1. Rounded to whole Hz and in sequence order, give me ³J(HN,Hα) for the stretch 28-34 from the Karplus expression 6.51 cos²θ - 1.76 cosθ + 1.60, θ = phi - 60°, writing x for Gly and Pro.
2. For the pair Phe6/Ala35, report the inter-label distance in nm, with labels modelled 7 Å from Cα in the Cβ direction.
3. What ratio of Cα Rg to 2.2 N^0.38 Å holds for the chain?
Amino acid sequence: MNNLSFKTGVETYLSVLVVAMNAFLAVVAVGSLLALLGIV
């Protein structure tokens with residue numbers, strides 16, 4: 001039971017980490033796009 005709880009906790013942590021990474025990459029992509037448009 002405790003092992004199952006630990007496993008779901010790890011899966012939740014990993015999914016949150018993936019969402020955070022995707023959000024960060026999206027922000028970086030939009031920022032670099034705006035920087036390129038600003039330069040041009």
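1. Per residue, the Karplus-derived 3J(HN,Hα) values read 5, 5, 5, x, 5, 5, 5 Hz.
2. According to this spin-label approximation, the distance is 4.2 nm.
3. Numbers: Rg = 17.4 Å, N = 40, 2.2 N^0.38 = 8.9 Å.
Expressed relative to 2.2 N^0.38 Å, the Cα Rg reads 1.94.
Only the coordinates and a few stated rules stand behind these numbers; no lab work does. Since the structure is predicted, the reported quantities are computational estimates derived from the model, not experimental observations. Cβ coordinates were reconstructed from backbone atoms using ideal geometry, including for glycine residues, and neighbour counts include every protein chain displayed.
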